[in-house]
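Just so you know, all these numbers are worked out from the coordinates, no wet-lab data involved. Only a predicted model underlies this, so the values are computations on that prediction, with no experimental measurement involved. Every residue, glycine as well, gets a Cβ built from its backbone with ideal geometry; the counts of neighbours run over all protein chains shown.
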Amino acid sequence: MLAEALAVAAQAPGLLIGDFGPRNVERLLTFLEVARATKRRLAVTLKDAYLLEAMHLANPTVPTVNDTEDMFIYNERKGTVAGWEEELRQRCANKVLTASQVHEDPRGFLLCLSFFDINELIDIDPSEGVYIYSSSEAYDEEQEIDMKRLKCWLEHFHLRFVGEEHGNLHASGHASGPELLELARIIEPEMLVPIHTERPDYFASGLEGTGIRVRVVALGESLAL
């Protein structure tokens, strides 16, 4: 993922935005590497800054905004500010960026935002740039609608969407269907009960002839183990 993101970022004009799953600290730190390699400063949301501080308490190798020279907090526009947000802003007062600062120097930043922060583009008002989508693809109708909305916003603000055509920009934490079947064959359980899936029949057909008994539990049915 790092090599692919670097290749995209190196050619990015104007503002660069990285979108990744919430609480994905490893992905956030990867974008910090991308920012450094492209001589940009990383700007994260208040939630991400708070998460880094919490993770730092558990693992001191995780950097925090105050301890990292090239990491800043992007000051989102909000009508209501929670107590922890105001306290964090004050504690990191010298590392807080405004939309106008990002607007004035778009090539100087890699901004960590997501679909749910996209309204910040109204104040930033970029003239060009790249939006690196490093999260999972839409997997239901609601997410497909959200993806269309996101792309409309990006088109309006002249940001090029990069992600779906670059398979290495997102590394999923989920095993694929064939990988799950292979895992079952290696473990060789006497019985396998598919859960958290819309296709329990996939396991029944995929493990046919292996000697593994696939037990599909119907809705409302109980299973004694």
Original post:
For LEU192, which sequence-distant residues (separation of 5 or more, or a different chain) have an amide H within less than 5 Å of its own amide H, given hydrogens modelled in the peptide plane?
Top reply: ARG213, VAL214, ARG215
Subject >> For segment 184-190, 3J(HN,Hα) per residue [Karplus equation, 6.51 cos²θ - 1.76 cosθ + 1.60, θ = phi - 60°, Hz, x = Gly/Pro] >> reply: 5, 5, 5, 6, 6, x, 5
Subject >> In Hz, Karplus ³J(HN,Hα) per residue of segment 12-28 (6.51, -1.76, 1.60; θ = phi - 60°; x = Gly, Pro) >> reply: 7, x, x, 6, 10, 10, x, 10, 8, x, x, 6, 8, 5, 4, 5, 4
Original post:
PHE72's amide H: which non-local residues (gap 5+, or another chain) put their own amide H closer than 5 Å, with H modeled 1.01 Å from N in plane and none for Pro or chain starts?
Top reply: LEU42, ALA43, VAL44
**OP:** Provide the gained length on full extension for the span ARG89 to ARG215, in nm with one decimal, where the gain is 0.36 nm per separating residue minus the Cα-Cα distance.
**Re:** 40.1 nm
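Quick one: order SER134, SER100 by neighbouring beta-carbon count within 10 Å, fewest to most.
SER100, SER134
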Original post:
Is the shape of segment 2-169 best called rounded, prolate or oblate, per the rule: a/c under 1.5 gives rounded, else a/b larger than b/c gives prolate, else oblate, with a ≥ b ≥ c the square roots of the Cα gyration tensor eigenvalues?
Top reply: rounded
Original post:
Please identify the trypsin sites (Lys or Arg not before Pro) of segment 31-65 that satisfy two criteria: DSSP loop assignment and at most 14 other Cβ atoms within 10 Å. Which are they?
Top reply: LYS39
**OP:** For a quick protection proxy, order the peptides 215-221, 113-119, 178-184 by their average other-Cβ count within 10 Å, most packed first.
**Re:** 113-119, 178-184, 215-221
Original post:
If you plug each phi of segment 119-133 into the Karplus form 6.51 cos²θ - 1.76 cosθ + 1.60 with θ = phi - 60°, what whole-Hz ³J(HN,Hα) values come out, in order, with x for Gly and Pro?
Top reply: 5, 5, 5, 4, 7, 5, 6, x, 9, 6, x, 10, 10, 8, 8
**OP:** Please work out whether segment 1-48 counts as rounded, prolate or oblate from its C-alpha gyration tensor, where a ≥ b ≥ c are the square roots of the eigenvalues and a/c under 1.5 means rounded, while otherwise a/b larger than b/c means prolate and anything else oblate?
**Re:** prolate
Original post:
What FRET efficiency would be calculated for the residue pair ARG149, LEU225, taking the C-beta separation as r and a Förster radius of 45 Å, to the nearest 0.05?
Top reply: 0.50
Original post:
Want the number for ARG23 to SER100: 0.36 nm per residue separation, take away the alpha-carbon distance, what's left?
Top reply: 25.0 nm
Subject >> Amide H contacts of PHE109 (H built 1.01 Å from N, under 5 Å, at least 5 apart or other chain) >> reply: LEU16, ARG41
**OP:** Kindly identify segment 6-88 as rounded, prolate or oblate by the Cα gyration tensor criterion: order the square roots of the eigenvalues as a ≥ b ≥ c, call it rounded if a/c is under 1.5, otherwise compare a/b with b/c, prolate if a/b is larger, else oblate.
**Re:** oblate
